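A.B. asks: I am attaching a structure below and will ask some questions about it afterwards.
The values are calculated or read from the model by the stated rules, or taken from the named source; none is laboratory data. As the structure is a prediction and not an experimental result, all values here were calculated from the model. All Cβ positions, even for glycine, are placed from backbone atoms using ideal geometry, and neighbour counts span all protein chains on display.
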Amino acid sequence: MSGLQVLLVAGTHGNEVNAPWLFEEWSKKPWLINTNGLSVCKVIGNPLAYKSCRRYLERDLNRSFLFGSCDAQSNKAYEFERARELLSLFGSSSDQPCQLCIDFHSTTAAMGSCLVVYGRRPADLALASLMQARLGLPVYLHEGDYSQTGFLVEAWPCGVVVEIGPVPQGILNAKIVEQTHIALEACLGEIAKARSRMSNFPKQLVIHRHLGSLDFPRDSEGKVESFIHSSLDGADWHPLCSGAPLFISSDGDVQRFYEDESVVPVFINEAAYMEKNIAMSLTKREVWPFSNKWSLALEDLIQD
């Protein structure tokens, strides 16, 4: 099949249920979403985990698009097999090749909604710029963390993650469904305008660039011995200055942040990241001038 196709993914994590529910309703009611005339392929990323309301069965699907591992038939973990299956269905060599991928997630962190871009591919930055201008959402640029790789959208020529929240895992919430609906139609609308070369690209992109992550303080057995300080809990996107409290133990011992330069924490106390030894990620807010190379990369990619 030729021409522009957009891959829409929900349920990459099976206990993030709001986007998959919207997709299922959309399948029953095709008029529910305005696709702006685009050809779309929508899929539940991890259907077995979604059926069980579990984040994953054997390993995180959103860390399983590791090209060597995906190609290695000897690795039989379900999520590796699912990654290979998605590539065989919608990858560049498939019968339904998709040029763009939008992956819909939800977060338990009290950070609201945001866009996530992995690395600095020009087309990704162009699409994120359009979506930020349309939706007013912060952009989290995840790069330089070699312990966190193999993300789904990186396996397609252009891809952005949409995080909607906060919402507990496994809970269907009307507000979250509606925000997902709005974001989905806005994404498709901006892609359609870019395809027609009618986009009004912004002059700048505001990003929060990943610097690293902090783990909870742990004892000699690896058990958490201090939790997020109450003054920090829910303070995502706000600068963290030197001397600010980070963690507090049961007996009131406070661990503070000491750095010369302020940083901005995100994904504070994200439930899914406890297993990854991440209490929060630290970012630096930067304003990048928009580059014409970004828009050219996106427009060249999505022309029929």
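A.B. asks: Exactly one of (1) modelled with pLDDT of 95 or more; (2) within 13 Å of the chain's Cα centre (by Cα) is unmet by Cys187. Its number?
C.D. replies: (2)
A.B. asks: In the stretch 201-303, which strands (runs of 3 or more DSSP E) lie fully inside it and hold 3 or more residues that are under 30 Å from Arg121 (Cα atoms) and touching a His at 6+ places or on another chain (Cβ under 9 Å)? Break it down into steps so the answer makes sense when it comes.
C.D. replies: Working: elements: 204-214, 226-228, 245-249, 254-256, 264-266, 280-289.
The qualifying strands (runs of 3 or more DSSP E) are 264-266, 280-289.
A.B. asks: Additional query: Residues to consider are Asn36, Asn15; find the one that is assigned by TED's automatic domain parsing to the domain that holds Leu100 and closer than 21 Å to Pro166 by Cβ. Walk me through how you get there before you give the answer.
C.D. replies: On the way: Asn36 fails: closer than 21 Å to Pro166 by Cβ.
The match here is Asn15.
Results for (1) buried (at least 23 other Cβ atoms within 10 Å of the Cβ); (2) under 26 Å from Glu190 (Cα atoms), shown as yes or no for each residue.
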site	(1), (2)
Lys76	no, no
Leu86	yes, yes
Gln96	no, yes
Ala109	yes, no
Asp124	yes, yes
Glu154	no, yes
Cys158	yes, yes
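The rows are residues; the columns are (1) more than 14 Å from Thr107 (Cβ to Cβ); (2) in contact with a Ser or Thr (Cβ under 6 Å, 6 or more places away or on another chain); (3) free of Cβ contacts under 8 Å to residues at least 40 places away in the same chain.
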residue: His229; (1), (2), (3): yes, no, yes
residue: Gly234; (1), (2), (3): no, no, no
residue: Leu246; (1), (2), (3): yes, no, yes
residue: Asp253; (1), (2), (3): yes, no, yes
residue: Phe257; (1), (2), (3): yes, no, yes
residue: Ser262; (1), (2), (3): yes, no, yes
residue: Phe267; (1), (2), (3): no, yes, no
residue: Ala272; (1), (2), (3): no, no, no
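A.B. asks: Those residues that are in contact (Cβ under 8 Å) with a residue 60 or more places away in the chain and of a type in the set (S, T, N, Q), I need them from the stretch 164-196; list them, please.
C.D. replies: Within the stretch 164-196, Gln169, Asn173, Gln179, Thr180 meet the criteria.
A.B. asks: Right, something else. Filtering the stretch 1-60 down to residues that are of a type in the set (S, T, N, Q) and over 24 Å from Asn173 (Cα atoms), which residue is modelled with the lowest pLDDT?
C.D. replies: Applying the first criterion (of a type in the set (S, T, N, Q)) to the stretch 1-60 yields 2, 5, 12, 15, 18, 27, 34-36, 39, 46, 52.
Checking the rest, the ones that are also over 24 Å from Asn173 (Cα atoms) come to 2, 5, 36, 39.
Working: Ser2: 55, Gln5: 97, Asn36: 96, Ser39: 97.
The selected residue is Ser2.
A.B. asks: Further, regarding this structure: Outside any loop (DSSP other than H, G, I, E, B), under 21 Å from Val167 (Cα atoms) and free of Cβ contacts under 8 Å to residues at least 60 places away in the same chain - does that describe any residue in the stretch 52-73? Full working, then the answer.
C.D. replies: Kept after step one, since they are outside any loop (DSSP other than H, G, I, E, B), are these residues of the stretch 52-73: 52, 61-63, 67-71.
This time we only want the ones that are under 21 Å from Val167 (Cα atoms), so: 52, 61-62.
Checking the rest, the ones that are also free of Cβ contacts under 8 Å to residues at least 60 places away in the same chain come to 52.
Checking the stretch 52-73: at least one residue is outside any loop (DSSP other than H, G, I, E, B), under 21 Å from Val167 (Cα atoms) and free of Cβ contacts under 8 Å to residues at least 60 places away in the same chain.
A.B. asks: State all residues of the stretch 168-186 that are surrounded by 20 or more Cβ atoms within 10 Å (Cβ to Cβ) and either closer than 22 Å to Lys51 by Cα or β-branched (Val, Ile, Thr) (or both); if no residue qualifies, say none.
C.D. replies: First, the residues of the stretch 168-186 that are surrounded by 20 or more Cβ atoms within 10 Å (Cβ to Cβ): 176, 179-180, 183-184.
Residues satisfying the conditions are Ile176, Thr180.
A.B. asks: Let me ask something else. Given Phe90, Phe80, Phe104, which one is in contact (Cβ under 8 Å) with a residue 12 or more places away in the chain and over 28 Å from Glu185 (Cβ atoms)? Reasoning before the result, please.
C.D. replies: On the way: Phe90 fails: over 28 Å from Glu185 (Cβ atoms); Phe104 fails: over 28 Å from Glu185 (Cβ atoms).
Going through Phe90, Phe80, Phe104 in turn, just one is in contact (Cβ under 8 Å) with a residue 12 or more places away in the chain and over 28 Å from Glu185 (Cβ atoms): Phe80.
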